[in-house]
Amino acid sequence: MTSFRYTPSQIAVHWLTAVLVVFLLATGMFVLAELPNAAPKLVNLRIHMTLGAIVGVLTVARIALRVRLPSPPKARHETLVRIGHLALNVALLLLVVSGGLLALQSGAFAAAFGGGELPADFRVFALRKAHGLLSRVTMALVVLHFLAALYHQVLLRDKLLARMGLGKGRA
């Protein structure tokens with residue numbers, strides 16, 4: 001593997017996005033989905049919507065940085081790498097859009113930020129089903145991304161993670 005390394009801005013955006021996505025997927029599935037649609041859910045929804053919007057901005061920033069800055073050398077399975085990254089970025093953007101539209105359609109945005117009321121049940125909205133499905137797809141893609149990084153680091157020992165600021169020295 002060559003000594004290519006992503007820029008500090010790319011590394012920061014990647015890891016901040018990763019932490020936020022894992023947090024949002026976990027809290028969306030295990031906290032928000034379980035809370036009744038009452039006042040205590042509003043604080044959690046406000047956090048979820050705000051962090052989701054930040055993930056959207058970070059994802060667009062990550063794509064812009066990737067287009068503007070030098071590319072890493074071609075990978076062994078370049079087509080799979082490109083498809084994997086494209087799928088993850090598209091899934092994240094669709095998740096943000098579906099969540100934002102659901103918040104607007106259901107009145108959750110007004111409830112969380114402006115004093116409106118939560119709907120009795122989010123499941124009556126088709127966008128809720130789409131958002132839930134997209135969250136599962138995103139979880140699967142995150143796991144695949146993690147497993148691919150492990151494959152490179154542990155089995156190939158090509159120090160791929162050093163490109164993203166992890167590991168000793170340069171890649």
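The values are calculated or read from the model by the stated rules, or taken from the named source; none is laboratory data. Just so we're clear, the structure is a prediction, and the values are computed from it rather than from any experiment. With ligands, DNA and RNA removed, areas are computed over all heavy atoms of the protein, side chains included. Shrake-Rupley method; radii C 1.70, N 1.55, O 1.52, S 1.80 Å.
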Legend entry - Sequence-separation-based contact order of the range 45-135, relative, with Cα cut under 8 Å and 6+ spacing, percent: 31 percent
Inset, instruction - On the full set of protein chains, 1.4 Å probe, figure out the accessible area of LYS41 and give it in Å² to the nearest 10. - result: 10 Å²
Inset, instruction - Stick to the Cα atoms of the chain, pair each with every other, and give me the Kirkwood hydrodynamic radius in Å at one decimal. - result: 17.5 Å
Inset, instruction - Excluding residues fewer than 8 places away in the same chain, name every one of the aspartates and glutamates whose C-alpha is closer than 18 Å to that of LYS74. - result: ASP158
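When the helices in the chain are scored as -39500 (n - 2.57) per DSSP H run of 4 or longer and the sum is shared across all residues, what 222 nm value do you end up with, to the nearest 500 deg cm²/dmol?
Theoretical 222 nm ellipticity from helices: -22500 deg cm²/dmol.
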Legend entry - Principal-axis tilt of helix 39-68 within the chain, Cα atoms, nearest 10 degrees: 30 degrees
